[in-house]
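Down below is the structure, laid out as structure tokens.
The values are calculated or read from the model by the stated rules, or taken from the named source; none is laboratory data. Worth saying up front: this structure is predicted, and the values here are computed from it rather than measured. We place every Cβ from the backbone using ideal geometry, glycine too, and count neighbours over all the protein chains shown. With ligands, DNA and RNA removed, areas are computed over all heavy atoms of the protein, side chains included. Shrake-Rupley method; radii C 1.70, N 1.55, O 1.52, S 1.80 Å.
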Amino acid sequence: AVEREQVARTKEYKLKRDPARWKSARAAVEQACREGRNVIPPLIEAVEAGVTLGETSDIYREVFGVYSDPGML
């Protein structure tokens, strides 16, 4: 029940965002990552625009890949 409620809240949250602002803010974070710039200013804007932690994590995985500890291989 808790999981269903959280999924519903997340869907509702995403529906209330301004799609253009969300897309622009997400793109700014991705561009900063790709250019090796400080991501904090665009990340703050992204959070204010409604970009979620999961969406931010997706950007990082897309740009930087998934880290694997070489000592654990």
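Listed values, structure above:
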read-out: Cα-based convex hull volume of the chain per residue, rounded to whole Å³; value: 117
read-out: Dipole magnitude of the chain about its Cα centre (Cβ charges: Lys, Arg +1; Asp, Glu -1), debye to nearest 20; value: 260
read-out: Accessible-area value, Ser24, 1.4 Å probe, nucleic acids and ligands omitted, Å²; value: 80
read-out: Sum of -39500 (n - 2.57) over DSSP H runs of 4+, divided by residues of the chain (222 nm, nearest 500); value: -22500 deg cm²/dmol
read-out: Ranked by how many other beta carbons lie within 10 Å on average, peptides 46-52, 34-40 from highest; value: 46-52, 34-40
read-out: Accessible area of the chain belonging to carbon and sulfur atoms, whole % at 1.4 Å probe; value: 59
read-out: The stretch 34-73: C-alpha pair distances exceeding 14 Å, %; value: 57
read-out: Cβ-Cβ FRET estimate between Gln31 and Glu5, R0 fixed at 25 Å, reported to 0.05; value: 0.10
read-out: Solvent-accessible ranking of Val2, Val7, Val63, largest area first, probe 1.4 Å; value: Val2, Val7, Val63
read-out: Additional length obtainable on full extension of the chain from Lys14 to Glu62, 0.36 nm per residue less Cα span; value: 15.2 nm
